[in-house]
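**Student:** Before I ask anything, here is the structure I am working with.
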Amino acid sequence: MHAPTALPNAAHAGAAADSRFRDAGSPGAGDTRNAELARWLAEEARILQRLSAGPGPGVARPEQVAGLTGLQQMQAMLDGALPHAAIASTLDFLIIEVAPGRAVFQGTPGPQLLNPLGTVHGGWFATLLDSALGCAVHTMMPAGRAYTTAELGVNMVRAITPKVPRVRAIGQVVHCGRQLATAEARLLGPDGTLYAHATTTCLVFDLPQARAA
């Protein structure tokens, strides 16, 4: 999977409407972008410090999450009380924020993520977006319920290179029912640049322990 090397023509209209490009040359626009990046980096530093004091990467034991809602599990992970996903360390991203129906991840597009064309591999786009989508759905799970991804659709509209300092995948639940949940997400830079957007459909089910009870 390769990320685009240039913005496709079909996406020019959406990009032109984006304030980060429209205002790029306006007075103060650079200061605003720099301030947003500084805020992102400060949040990242605080969360990394919190996670480093916790159990580290891994998978929570059943007794650690028994009786917790999905939101409580995600918040405990963010607080460093539960292990965080090992893939985040491998691919240089981390969880930033969770709320009911919402999850935000932040990633660093380093040179180790490049494809042969010199841009960040499309699989990295998909991983961040899938993480935000799935965890947004996870926040809606009551205790004893879980989900699994049934469908993931990703649209990459602009290439990412290591010149981009950070990106954020912001996931939001659209619908959460008894059997199905859907969500949408965007991958953005600190200046508001849209790099990709995605949707997911998840199957929702009872955990085996809940059925046995």
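The values are calculated or read from the model by the stated rules, or taken from the named source; none is laboratory data. Please read these numbers as outputs of a predicted model, since none were measured by experiment. Cβ atoms come from the backbone with ideal geometry, glycine included; neighbour counts cover every protein chain shown.
**Student:** Taking segment 124-148 on its own, how many of its residues are touching a helix residue (DSSP H, G or I) at 6+ places or on another chain (Cβ under 6 Å) and part of a strand (DSSP E or B)?
**Tutor:** Count: 1.
**Student:** Can you tell which of Ala213, Ala136, Ala169 is aliphatic (A, V, I, L, M), out of contact with any Cys (no Cβ under 8 Å at 6 or more places or on another chain) and at pLDDT below 95? It would help to see each step written out before you state the result.
**Tutor:** On the way: Ala136 fails: at pLDDT below 95; Ala169 fails: at pLDDT below 95.
None of the others qualify; the one that does is Ala213.
**Student:** Residues that are assigned to a loop (DSSP other than H, G, I, E, B), surrounded by 11 or more Cβ atoms within 10 Å (Cβ to Cβ) and not hydrophobic (A, V, I, L, M, F, W, C): does segment 57-77 have at least one?
**Tutor:** Scanning segment 57-77 turns up at least one residue that is assigned to a loop (DSSP other than H, G, I, E, B), surrounded by 11 or more Cβ atoms within 10 Å (Cβ to Cβ) and not hydrophobic (A, V, I, L, M, F, W, C).
**Student:** Applying the selection to segment 104-147, what residues are out of contact with any strand residue (DSSP E or B) (no Cβ under 9 Å at 6 or more places or on another chain) and closer than 30 Å to Leu207 by Cβ?
**Tutor:** Keep residues of segment 104-147 that are out of contact with any strand residue (DSSP E or B) (no Cβ under 9 Å at 6 or more places or on another chain), which gives 111-112, 115-119, 123, 142-143.
Hits for segment 104-147 are Gly123, Pro142, Ala143.
**Student:** Now a separate question. Just give me the residues in segment 157-182 being over 12 Å from the mean Cα position of the chain (by Cα) and of a type in the set (Gly, Ala, Ser), in sequence order.
**Tutor:** Passing the criteria: Ala159, Gly177, Ala181.
**Student:** Buried (at least 16 other Cβ atoms within 10 Å of the Cβ), of a type in the set (Ser, Thr, Tyr) and more than 25 Å from Trp40 (Cβ to Cβ), is that true of Thr193? First the steps, then the outcome.
**Tutor:** Numbers: buried (at least 16 other Cβ atoms within 10 Å of the Cβ): yes; of a type in the set (Ser, Thr, Tyr): yes; more than 25 Å from Trp40 (Cβ to Cβ): no.
So Thr193 does not fit the description; no.
**Student:** Quickly run through segment 178-190 and pick out the residues that are surrounded by 22 or more Cβ atoms within 10 Å (Cβ to Cβ) and of a type in the set (Gly, Ala, Ser). Spell out the reasoning first.
**Tutor:** Filtering segment 178-190 for residues surrounded by 22 or more Cβ atoms within 10 Å (Cβ to Cβ) gives 181, 183, 185, 187, 190.
Those that are surrounded by 22 or more Cβ atoms within 10 Å (Cβ to Cβ) and of a type in the set (Gly, Ala, Ser): Ala181, Ala183, Ala185.
**Student:** Taking only segment 164-190 into account, find how many residues are farther than 15 Å from Leu37 by Cα and charged (D, E, K, R).
**Tutor:** So the count comes out to 3.
**Student:** OK, next. Name the residues in segment 86-110 that are under 19 Å from Ala126 (Cβ atoms) and surrounded by fewer than 18 Cβ atoms within 10 Å (Cβ to Cβ), would you? Walk me through it before giving the result.
**Tutor:** First, the residues of segment 86-110 that are under 19 Å from Ala126 (Cβ atoms): 86-96, 103-110.
Within segment 86-110, Ala86, Ile87, Ser89, Thr90, Asp92, Thr108, Gly110 meet the criteria.
**Student:** Can you go through Glu63, Glu36 and tell me which one is of a type in the set (D, E, K, R) and closer than 28 Å to Ala146 by Cβ?
**Tutor:** On the way: Glu36 fails: closer than 28 Å to Ala146 by Cβ.
Just one listed residue meets the conditions, Glu63.
**Student:** Taking the residues in segment 116-152 that are among the polar types (S, T, N, Q) and buried (at least 16 other Cβ atoms within 10 Å of the Cβ) as candidates, determine which candidate is farthest from Leu187 (Cα to Cα). Full working, then the answer.
**Tutor:** At the first step, the residues of segment 116-152 found to be among the polar types (S, T, N, Q) are 119, 127, 131, 139, 148-149.
From what is left, the residues that are buried (at least 16 other Cβ atoms within 10 Å of the Cβ) are 119, 127, 131, 139.
Details: Thr119: 15, Thr127: 11, Ser131: 11, Thr139: 19 Å.
Taking the candidates together, the pick is Thr139.
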